[in-house]
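See structure below.
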Amino acid sequence: MTKVGKELLMQLKEATGPFVTIMLNTPADHQGVEKAQLKFKNFAKEAKKRFEKKYPDANWESYQAKLDALATDQSFWRSASTSVAIFLTESDTLVHHLSIHTDDQYYVGDTPYLLAAIRNSQFNYTYYLLALNRDSMKLYFVDNEQISLVDLPDGAPIDVPTALGEETRDGSLSYTSQGRGTGSKEGVTYHGVNTKDEEVEIDWKNYYQAVDTFLRSDLDNEAGYPLYLFALPENQTMFKKYAKADFFSTDAAISMSPSTLTDNEIGEKAIPEIAKQLAEKEVTEYQDLLNGKFIEQLVDIVPMTEDGRVANLFIATSNLVDGYGEDPDAEYDRRQVLNTMTINALKNNGEAHILDQKAVPGEKSLLAVLRY
């Protein structure tokens with residue numbers, strides 16, 4: 001789950017209902033924004049009716065004030081996210097930007113509607129990305145499919161001179177750069193009568209050891225987010241020999257040179273490919289859960305989540321059908337049942353996954369893997 005997803009669940013876990021949840025796709029074009037604003041206002045009106053019917057003694061005015069503030073907040077409507085989930089309580093407004101398309105919908109209830117946020121966090125990873133050349137590096141942080149360059153402190157080993165000093169081991173290394181003026185010597189041709197291949201490799205090794213020492217000693221990574229490499233295969237091989245940072249992971253990597261790429265280009269190439277590699281590994285591991293005890297009928301799963309017996313809950317996206325069913329006045333929605341079931345599983349320290357059915361273990365529509 002993403003960093004922002006975990007933070008959202010922690011905030012909602014501590015919040016007190018009633019909750020009003022609104023989910024909207026957020027088109028970037030002007031006409032699309034106007035339609036989304038109109039839909040938002042209609043949802044607010046319908047949510048008020050539902051709220052006053054369900055909670056006649058509660059105070060709607062505070063909810064209305066928060067909805068009015070969002071309706072006129074131009075920065076909110078200019079968001080670059082694909083969709084948004086809005087969670088309101090009497091005292092709080094929580095806005096969670098999503099990178100997936102979702103169904104436009106609203107909910108009023110004792111608990112927030114979390115299925116869209118959980119689905120957004122599925123196969124959506126938070127990690128550090130080390131763009132590593134033979135003689136330079138950049139560090140990025142990726143969360144909710146957004147990449148940002150990490151601002152490193154003075155003295156960080158951003159290149160060989162900073163890490164090892166202006167001179168190499170023999171003090172007389174010369175080179176010809178074949179890059180595009182980025183400052184990196186990736187693909188450099190070394191020459192000079194006093195330079196030996198062994199000396200070059202020692203500097204290579206020493207530089208990577210300095211990078212690893214910085215990551216272990218100076219990077220603030222208390223959460224233990226994994227670090228993946230964006231580097232040529234030979235640079236990955238060399239770094240792996242000397243990397244001792246316990247959060248460095250070989251579960252995914254981008255095997256190409258980052259030396260001539262912009263920050264945006266690095267993100268465009270890395271984010272989908274890293275997600276693909278990690279998702280394939282994750283789905284493979286899910287299949288092993290079928291070796292334990294499991295159930296797959298909704299009527300059986302619901303009480304198991306209440307009793308804290310569900311370790312892993314899987315819901316196929318085919319269950320998330322739009323609309324309130326044949327009788328909207330009855331306020332019954334199958335997704336509400338799935339949502340409550342999910343919240344109960346999470347409250348009892350279980351895990352919840354919302355996947356395409358082909359990725360669910362055994363390709364089942366619903367699946368609960370039990371603790372005992």
Original post:
Can you name the helices (runs of 4 or more DSSP H) wholly within region 1-120 that have at least 3 residues being at pLDDT below 90?
Top reply: 3-14, 30-54, 74-77
Original post:
Can you tell me which of Asp159, Asp103 is of a type in the set (Asp, Glu) and assigned by the TED database to the domain that holds Leu261?
Top reply: Asp159
Original post:
Do we have Tyr140 as outside the structural domain of Trp60 (by the TED database), among the aromatic types (Phe, Trp, Tyr), open to solvent by less than 20 Å² (accessible area, probe 1.4 Å) and touching a strand residue (DSSP E or B) at 6+ places or on another chain (Cβ under 8 Å) here?
Top reply: yes
Subject >> Residues located in region 121-151, provided they are within 23 Å of Ala231 (Cβ to Cβ) and either of a type in the set (Gly, Ala, Ser) or in a loop (DSSP other than H, G, I, E, B) (or both) >> reply: Tyr125, Thr126, Ala131, Asn133, Arg134, Asp135, Ser136, Glu145, Ser148, Val150, Asp151
**OP:** Could you check region 220-322 for helices (runs of 4 or more DSSP H) lying wholly inside it with 1 or more residues that are without any contact (Cβ under 8 Å) to a residue 24 or more places away in the chain and closer than 18 Å to Tyr372 by Cα?
**Re:** 298-306
**OP:** Kindly indicate whether Ile147 is in contact with a Gly (Cβ under 7 Å, 6 or more places away or on another chain) and either closer than 30 Å to Thr21 by Cβ or among the aliphatic types (A, V, I, L, M) (or both).
**Re:** yes
Subject >> The one condition in (1) in the same structural domain as Tyr140 (by the TED database); (2) under 21 Å from the mean Cα position of the chain (by Cα); (3) at pLDDT 95 or above that Met256 fails to fulfil >> reply: (2)
**OP:** Give region 252-266 a look and list any residue that's open to solvent by less than 50 Å² (accessible area, probe 1.4 Å) and of a type outside the set (Val, Ile, Thr), or say none.
**Re:** Ala252, Ala253, Ser257, Pro258, Ser259, Leu261
Subject >> Residues located in region 18-59, provided they are open to solvent by 20 Å² or more (accessible area, probe 1.4 Å) and of a type in the set (A, V, I, L, M, F, W, C) >> reply: Ala28, Val33, Leu38, Phe43, Ala58
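The values are calculated or read from the model by the stated rules, or taken from the named source; none is laboratory data. Predicted model only: the values in this text are computed from it and were never measured. Ideal geometry is used to build each Cβ from the backbone, glycine not excepted, and the neighbour counts take in all protein chains shown. Remember, those area values only see protein heavy atoms, side chains included, never the ligands or the DNA or RNA. Shrake-Rupley method; radii C 1.70, N 1.55, O 1.52, S 1.80 Å.
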